[in-house]
Amino acid sequence: YVWDANEEYLFKAVVAFAMRRYSRKSTTQISNVLLCNVTDRVSFWFVVTDSSENVSTVPGSEVEAAIRMNRNRINSAFLLSDRTLQFLKITSTLSPPVEPSTPVWLIVFGVVLCLIVAGIVFLIVAGIRQRKKKNKESTKRENLEEKGEVTVAVENGIPCETLDLKAGHVNGVFAADDERFTSL
Amino acid sequence: LSMPREIPREDGRPKWDNKFQYILSCIGFAVGLGNVWRFPYLCQIHGGGAFLIPYFIALLFEGIPLLHLELALGQCLRKGSISAWNTISPYLGGVGIASWMVSVLVSLYYNTVLTWVMWYFINSFQEPLPWSTCPLNENRTGLNEECYESTAVNYFWYRKTLNITPDVTESGTLQWWLILCLAACWAIVYLCTIRGIETTGKAIYVTAIFPYLVLTIFLIQGLTLPGATEGLAYLFTPNLNTLKNPRVWLDAATQIFFSLSLAFGGLIAFSSYNPPKNDCEKDAVTVAIVNSVTSLYASIPVFSVLGFKATTAYWDCLDRNIINIINEFDLPEESIMRQNYTAWMSLLNLSYPEKIAGLKLKSCDLQEFLDQSVSGTGLAFIIFTQAIILMPGSQAWAILFFIMLFSLGLSSMFGNIEGVFTPLLELRVISNSIPKELLSGVICLICFLIALCFTLGSGSYWIDIFDSYAGSVPLLVIAFFEVIGVAYIYKIQRFSKDVKWMTGRKLSLYWQITWRFISPLLLLIVFMAFITLQIQKPPSYAAWNPKYEGFPMKEEKTYPSWVQAICVLLAVLPCVFVPLVALFHLIQQMRRSKDPSFVPPEVFSRQGATN
């Protein structure tokens, strides 16, 4: 925006406002603020007079303190910042950067670590289960082969060797009937 | 007398799920952080486009032949590096042990670089980015002094991340935040390599392809930034005069060699899991070309962003001067713009020279800003992070950038860890009793504990030492003995027959000539030149010392003698295994030849290879 007489009026009003808030006297008027040496750069000198005490100027330290207290109100009145609206000899105090109670990076790190540990545990458990299944399959196969060997040697629950050796009698009906067969 | 050829039985050796996984793993191993932060730097300082000439010559005569040799060797012998070289000849067993040692040393420090990347990644979620502003000093009257004198980005890197000490002899303390990130990084590596290539083969799909996506995004974004064209023009304008400097040729040869990750044993391990009848010749050419094309492709966004950063710095410089002049002469706002700055300056210099001199304006030169070239960690963590602050939506760009760096580094770590893992699996002492998960866990745990040294205050100095000495000279020596071993001890005719059996084609003359003469000769020349350059000046390093008078410039210091001894040890330790093992077998051979009842061991090793 262009700097014209209206802006100057606003500036005087804002400085008067700052003086009123600082000294808590309601006597400072807009007419008490005087501007001089306004240049194209938009830089100027200004003084604040005290109408109650025979038209003398308010000491510079008071004005500085008042402006320092209300700096952000003055800045926002003009839509400017500390960098773009400069008061010579009034340095701005720096505001500390906002720091959350837990640093953000720790939270992100926690999330990442949880994911990794979950992945590792999952893979290890899957590997162990796979190995157990493989072991179970191979032992099952071995057991089957063993059982096969045993069943061959058992007939009606009686082992064949005992039949042969001990309790067998020769059955004469079948054994001695050689004549029944036709000879070749 | 070639080995009798038979189709090997199912020997329970793990294999790749498909050919694409194998190629992607080799590409991921070769394409690493160096493609992003070393190649563009070399291109820039060695005359832009002109650097491509020695680069491609080195690729043709050194890179591709050595790569084909390693892939063919692994595929033909189907063993990791130690066993493979023992099979070629027991006298060459030291070559395998040397490459195993180098893989171990490189894995240690490489993952610490990834730790730094991870630290920056988890810090990128903060608004505003923590490296964009300086913190306040103790009594809140101003900014922190160290940060104020250098820049916020430098402060975050040197103080908040590394907490660097001013000297390599001062170890400082362990940085707990780096220990946490290091643990996370080694946990990720363990997660991906837990069962060898069964798990890395799945992980590689993400870690090898993702960087290309991000590079493309950065390419598109980078080209839209103001100043990108200046950066690209600066990068690619060829200056053929630089080719007269032999340093350029040396840098091209070493860059190609280290960029392809040769002589680590990782490539031999990867190709040993292949089916024997696989066209390794085409694979080698593919991997080498993709690696070089990636380097070129990566340098475009890198230089667009650097051009953007230089232009922004130049404009800042101009703006600061303009404000000073306007304030001094009380001129209206926007009377002096960047475009008519020079016209105004000449006018004012004529009319008010004393006032202008009194202002002490800095001279703003775009070339000067473009000339500030850095490679390595400085490029990623200082320059790029500064450029990211200036982009709109900086969190997203920072997150993308650091995930990309992490994927690039992780896929290279897979190759390094395979180079350590596969030979250990093949030692008969270990393989039957221990499950794979336990072995990889033990490897990762031991590496994590040793790498804790790099989280000390002086850790980054030690990483530079490891990088310059353990990751350079031994590789050249190993590669030289690899080529000589295959070409002259195993004999090139035998190897040709083996390769012909695998690929189905006769070895062309190009391979014969490069393997027999050109590559060994080139390696020898590069090795000599490298050593000569190292010896010429005492090894020094640049220390970050806030109490130095020239701060924020870094202080040049020389290494004390015990550190120099460690440097020499790192370079010599892997190489010494080559003559040691040869000597050991020679002595055994002489002792056995005196005793006539013993059969010479070579017969057994040949037979062992056919099983």
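Quick notes on this structure:
- Here is the short version for chain B: B:CYS26, B:CYS43, B:CYS76, B:CYS181, B:CYS185, B:CYS192, B:CYS280, B:CYS444, B:CYS447, B:CYS453, B:CYS567, B:CYS575 have no other Cys C-beta closer than 4.7 Å.
- Calculated mean residue ellipticity at 222 nm for the protein assembly as shown: -20500 deg cm²/dmol, from DSSP H runs with n ≥ 4 weighted as -39500 (n - 2.57), summed, divided by the residue count and rounded to 500.
- Average projection area in nm² (convex hull over Cα atoms of the stretch B:55-115, one quarter of hull surface): 5.5 nm²
- Crossing angle, helix B:246-259 versus chain B [Cα axis fit, 0-90 degrees, rounded to tens]: 60 degrees
- Helix B:459-469 and the longest principal axis of the C-alpha atoms of chain B enclose an angle of approximately 50°.
- Across the protein assembly as shown, counting alpha-carbon atoms alone, Rg and Dmax equal 37.4, 167 Å.
- Helix B:93-123 vs. chain B, principal-axis angle (Cα, 0 to 90°, nearest 10): 30 degrees
- D by Stokes-Einstein for the stretch A:100-139, Kirkwood Rh over Cα pairs, 4 °C, 1.567 mPa s: 104 µm²/s.
- For the residues of B:12-25, the average number of beta carbons from a partner chain within 10 Å of their own beta carbon is 0.
- From least to most packed, judged by other beta carbons within 10 angstrom and beginning with the fewest, B:THR229, B:THR224 follow the order B:THR224, B:THR229.
- Estimated distance in nm for a label pair at A:SER43 and B:LEU586, the labels positioned 7 Å out from Cα along Cα-to-Cβ: 8.3 nm
- Normalising the Debye intensity of chain B to I(0), with uniform scatterers on Cα atoms only, and taking log10 at q = 0.11 Å⁻¹ returns -1.10.
- Spin-label pair B:SER468-A:GLN86: with each label point 7 Å from Cα along the Cα-Cβ axis, the two points sit 4.4 nm from one another.
- Candidates per trypsin sites (Lys or Arg not before Pro) in the stretch B:115-189, loop by DSSP, up to 15 other Cβ within 10 Å: B:ARG140
- Rounded, prolate or oblate (a/c below 1.5 giving rounded, otherwise prolate when a/b exceeds b/c) for the stretch B:122-254 by Cα gyration tensor: oblate
- Prolate/oblate/rounded call for the stretch B:4-120, Cα gyration tensor, a/c under 1.5 rounded: prolate
- Model label sites at A:SER76 and A:CYS114, defined 7 Å from Cα along the beta-carbon direction, differ in position by 3.9 nm.
- For the stretch B:313-336, the residues whose backbone nitrogen is under 19 Å from a point 7 Å from the Cα of B:LEU347, taken along Cα to Cβ, are B:318-336.
- Order of B:ILE446, B:ILE204 - criterion: other Cβ atoms within 10 Å of each residue's Cβ, fewest first: B:ILE446, B:ILE204
- Its Cα gyration tensor gives the stretch B:500-575 an equivalent ellipsoid. The semi-axes, each the square root of 5 times an eigenvalue, are 44, 15, 13 Å from largest down.
- Surrounding net charge for B:VAL526, when Lys and Arg each add one and Asp and Glu each subtract one, Cβ distance under 15 Å: -2
- Of the residues B:LEU523, B:ALA565, B:VAL499, the one whose Cα sits farthest towards the positive end of the charge dipole of the stretch B:463-601 is B:VAL499 (charges of +1 on Lys and Arg Cβ, -1 on Asp and Glu Cβ, taken about the Cα centre).
- Whole-Å distance, taken between Cα centres, linking the stretch B:230-244 and the stretch B:472-523: 35 Å
- Sorted by Cβ neighbour density within 10 Å, fewest at the top, the residues B:ASP319, B:ASP283: B:ASP319, B:ASP283
- Kirkwood hydrodynamic radius (C-alpha pairs) into Stokes-Einstein, the stretch A:5-78, 25 °C and 0.890 mPa s, D in µm²/s: 195 µm²/s
- Part-to-part distance (alpha-carbon centres) for the stretch B:529-569 and the stretch B:56-128, which is given in Å: 27 Å
- Cα gyration tensor, the stretch B:185-283 - rounded (a/c under 1.5), prolate or oblate: oblate
- Mean partner shielding of peptide B:119-130, defined as the number of other chain Cβ atoms within 10 Å of each residue Cβ, is 4.
Every read-out reported here was derived from the displayed coordinates using simple, explicitly stated rules and does not represent laboratory data. Note that the structure is predicted; figures quoted are calculated from it, not measured. Ideal geometry is used to build each Cβ from the backbone, glycine not excepted, and the neighbour counts take in all protein chains shown.
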